[in-house]
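J.: Here's a structure for you.
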Amino acid sequence: MKQTNIMEKRGQATVFVAVGIVIVVVVALILYGRQTIFLPGTPDSLSKVLDDVNEHIVDCIGEVSEKPIIQIGLQGGYLNPGVDTFRLHNDTRISYLCYNMENSESCRNRLLLVQSMEEELNAALQPQIISCVGNIKDFGKLRPITIEVPEQFKVATNILQDNVVVAVEYPVIIKSDKTTNQVQRKTFEKIFEIPLGDLYLVVQDVLEQEITFGDFDPLLYMLSKKGEYTIIKTRPYPDKLYAISRNDNDYQLQFFIQGQPG
């Protein structure tokens, strides 16, 4: 008898657990339905969907952009350096930013421009962002809303002194199917705390000295900047290799000065 009672109690407990689970699932479905199917498209509910879209796109930008931004620094400002414009060093194609001038200690400036770096990053990021953003209209599934997006979008990289900003111009409009409410956002952006613009200015200082005097003294420069930067200069024959970083950030910009064999 005791064993039978125990079994009955266990059976009742199992039923109660099962019923509890069913209740939780039903409540969850009701709450989800209220937020998706049943509730009209209020400005708040539409804004919530737009926030989800924004988070998805910004995460995508962050996922695909960081590696090219790091790479362009390690390769001397170029993602795809052309033939005879770089030297392979430690499996990295590091660009020459100043070319050798025969019978001269100075060199010829290659004229690296911030705008050129931005354009290279834009071209590299465009297809990657397209592939990872996916179909934004999927955010409207099971909801009484319509999501309008353009067929294409534009990537605009902005290299600032302390940051690199990658912005995607991609107007997204979310409309309620039950009301006249709608929300929209035209641009989505990700900010990287990478001082590429600041290091670029240091590179220009180095190049100015190399062009004018045929050499550059890292120690004197670092002292003049009160230790804000670290500049490592090495001489893989016959060239000079500079690696520049800021002491509050691990990001590095490196480049070669072409030397003359002899």
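A short reminder: the numbers here are calculations on the coordinates, not readings from a lab. Just so it is clear, the structure is predicted and the values come from calculations on it, not from any experiment. Note that each Cβ is placed from the backbone with ideal geometry, even for glycine, and that neighbours are counted across all protein chains shown.
J.: Could you point to the residue in Pro238, Thr179, Ala156 farthest towards the positive end of the stretch 146-262's charge dipole, with +1 and -1 charges on the Cβ of Lys/Arg and Asp/Glu respectively?
T.: Highest projection toward the positive end goes to Thr179.
J.: Shifting gears a bit: For Lys240, go through the lysines and keep the ones whose alpha-carbon is under 21 Å away, minus same-chain ones fewer than eight residues off.
T.: Qualifying lysines at Cα under 21 Å: none.
J.: Greater than 22 Å separation of Cα atoms is the criterion. Which listed pairs, Lys137/Lys178; Lys190/Lys233; Lys154/Lys190; Lys190/Lys226, meet it?
T.: Lys190/Lys233; Lys190/Lys226
J.: Cut-off under 16 Å on the C-alpha distance; same-chain residues fewer than 8 positions from Lys175 excluded. Which aspartates and glutamates are left, in chain and number order?
T.: Lys175 reaches Asp44, Asp51, Asp52, Asp138, Glu148.
J.: Determine, from the Cβ-Cβ distance of Thr92 and Glu151 and an R0 of 41 Å, the FRET efficiency 1/(1 + (r/R0)^6), rounded to the nearest 0.05.
T.: My answer for the efficiency is 0.65.
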